[in-house]
Amino acid sequence: MSKRILIVGGGLAGTITANGLCRQLGGALGKGEVSITMLGNTDQHMYQPGLLYIPFGAMRETELFRDQRKVLDRRVNFLLDPATNIDVDGNKVECQSGKSISYDYLVIATGSRIVPEEIPGMAEGAHWFYDLDGARKMRNALAEFDGGKIVVNVNAPHKCPVAPLEISFMLHHHLAKRGLADKTEITYTYPIGRLHALEPVAHWTSAEFDKFGIKSETFFNAKSVDPAAKTIESEEGSTLPYDLLVTIPPHRGAEVIEASDLGAGGWVPTDRYSLNREGSTNVFVVGDTTNIPISKAGSTAHYEADTLVDNLASLVLEGRTARPYDGKVFCFVETGMDTGTYVWFNYETPPNPGPPSKMIHWSKLAYNRLYWLSARGLL
Ligand SMILES: Cc1cc2nc3c(=O)[nH]c(=O)nc-3n(C[C@H](O)[C@H](O)[C@H](O)COP(=O)(O)OP(=O)(O)OC[C@H]3O[C@@H](n4cnc5c(N)ncnc54)[C@H](O)[C@@H]3O)c2cc1C
């Protein structure tokens with residue numbers, strides 16, 4: 001009987017997994033021995049890292065989107081029908097249309113979502129760039145900004161752990177170019193006792209922030225925002241005034257994960273090496289939605305998906321898995337409007353950011369375009 005692979009979520013991890021499986025299982029797909037179905041809740045694929053550039057007008061909105069069908073291998077049966085319940089005991093997924101889809105292997109790739117509404121006043125008083133609407137509003141606010149106090153407030157958990165650093169550096173350089181550096185004070189807040197979850201990145205950030213006069217406050221867990229008074233208050237009792245508040249809102253996993261009781265906060269308990277959902281041999285989890293204590297990043301999602309493709313193809317064809325995920329992550333980091341650096345690390349090797357250069361910034365810009373090849377599995 002044909003083996004049915006079902007992928008829930010057509011973002012970065014789901015798409016790379018689907019396209020990779022088509023490449024590796026081409027023969028079996030051709031003979032009808034395997035089928036690959038994807039459930040999505042949008043027909044547009046968004047390149048989320050591009051959102052970073054929208055507030056500065058440095059990327060056009062149209063560059064962020066492609067038709068999901070065109071990004072996917074034509075052998076993937078893509079259904080625009082959001083999953084409403086994932087039944088891992090019954091090996092089936094219920095959809096918004098009322099359909100129930102059974103599977104032999106399930107890949108959960110439903111990502112994460114921002115929940116600014118969880119902090120009183122944040123949705124009304126803060127700006128963010130973690131979705132398109134937010135990035136557009138931030139672009140307008142920045143265009144009107146003519147100096148004053150900017151607070152960059154980071155909440156956990158959140159995806160792309162380097163984006164808050166990037167936005168701080170980019171704000172500084174963008175405003176300096178507009179002649180507003182002397183009239184602007186940027187304060188970055190972070191919930192734990194250093195500037196970044198990864199210790200070497202925290203040390204590096206501290207030195208880089210000093211170069212540009214970016215201030216910081218650690219142990220700052222946002223409690224509430226007062227949009228009328230233009231202040232943000234922390235659980236620790238600190239109150240910061242702002243003229244422009246840029247927040248990285250807290251995140252949760254997809255609603256369907258919580259509705260299906262698959263993990264607190266929408267994060268699915270996942271084996272960090274095999275990427276199996278804990279307790280299931282035929283359910284795998286990739287991308288932001290795992291509970292693995294590692295950066296929630298496109299790069300993580302990509303390397304996890306590559307590993308899963310090898311393992312799932314081996315399972316289907318040979319009844320064995322191929323290799324463990326080693327925790328590899330590689331992220332470019334913008335350190336201004338025209339310089340950048342990068343970090344890479346895995347479960348064994350800590351990150352070690354190097355000196356910024358224009359060349360690394362250009363490499364990041366190049367990758368922003370090459371992403372579409374990467375998602376199709378051509379890079
Ligand atoms: C501003 C910004 C900058 C970033 N910069 C970087 C960067 O420089 N480098 C980097 O590595 N990462 C970066 N990221 C993070 C990266 O984009 C994410 O980590 C990555 O997209 C995660 O992939 P994913 O497949 O897990 O989730 P997503 O790409 O979010 O995909 C999840 C998909 O699941 C779908 N879905 C959800 N619920 C359902 C349902 N019930 N039924 C069907 N489908 C569903 C969603 O619609 C979505 O299409 C950035 C993110 C942002 C917002």
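The values are calculated or read from the model by the stated rules, or taken from the named source; none is laboratory data. All figures in this text were calculated on a predicted structure; none of them were measured in a lab. Don't worry about glycine lacking a Cβ; one is built from the backbone with ideal geometry, like all the others, and counts go over all protein chains shown.
Could you say whether any residue in segment 282-304 is more than 13 Å from the chain's Cα centre (by Cα), more than 10 Å from the ligand (Cβ to nearest atom), under 20 Å from Gln24 (Cβ atoms) and surrounded by fewer than 19 Cβ atoms within 10 Å (Cβ to Cβ)? Looking through segment 282-304, at least one residue is more than 13 Å from the chain's Cα centre (by Cα), more than 10 Å from the ligand (Cβ to nearest atom), under 20 Å from Gln24 (Cβ atoms) and surrounded by fewer than 19 Cβ atoms within 10 Å (Cβ to Cβ).
Condition check for Gln96 on (1) near the ligand (Cβ under 9 Å from one of its atoms); (2) touching a residue at least 60 places away in the same chain (Cβ under 8 Å): one failure, at (2). Filter segment 139-154 for residues that are surrounded by fewer than 22 Cβ atoms within 10 Å (Cβ to Cβ) and not small (Gly, Ala, Ser); which is farthest from the chain's Cα centre (by Cα)? Here the answer is Asp146. Annotation note: Cβ proximity below 9 Å between a residue of segment 130-145 that is touching a residue at least 12 places away in the same chain (Cβ under 8 Å) and a residue that is in a helix (DSSP H, G or I) and among the acidic types (Asp, Glu) (sequence gap 6+ or interchain) occurs for Leu132/Glu61; Ala135/Glu61; Arg136/Glu61.
Residue-wise test of (1) outside the structural domain of Val162 (by TED's automatic domain parsing); (2) modelled with pLDDT of 95 or more; (3) surrounded by fewer than 21 Cβ atoms within 10 Å (Cβ to Cβ); (4) closer than 30 Å to Ala126 by Cβ.
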{"position": "Asn19", "(1), (2), (3), (4)": "yes, yes, no, no"}
{"position": "Lys31", "(1), (2), (3), (4)": "yes, yes, yes, no"}
{"position": "Ile36", "(1), (2), (3), (4)": "yes, yes, no, no"}
{"position": "Leu39", "(1), (2), (3), (4)": "yes, yes, no, no"}
{"position": "Gln44", "(1), (2), (3), (4)": "yes, yes, yes, yes"}
{"position": "Leu51", "(1), (2), (3), (4)": "yes, yes, no, yes"}
{"position": "Phe65", "(1), (2), (3), (4)": "yes, yes, yes, yes"}
{"position": "Leu72", "(1), (2), (3), (4)": "yes, yes, no, no"}
{"position": "Asn77", "(1), (2), (3), (4)": "yes, yes, yes, no"}
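When the strands (runs of 3 or more DSSP E) confined to segment 30-139 are screened for residues that are closer than 30 Å to Glu233 by Cβ, those reaching at least 3 such residues are found at 112-114.
Scan Ile119, Ile86 and give me the residue that is among the hydrophobic types (A, V, I, L, M, F, W, C) and under 27 Å from Asn19 (Cα atoms).
On the way: Ile119 fails: under 27 Å from Asn19 (Cα atoms).
Answer to the check: Ile86.
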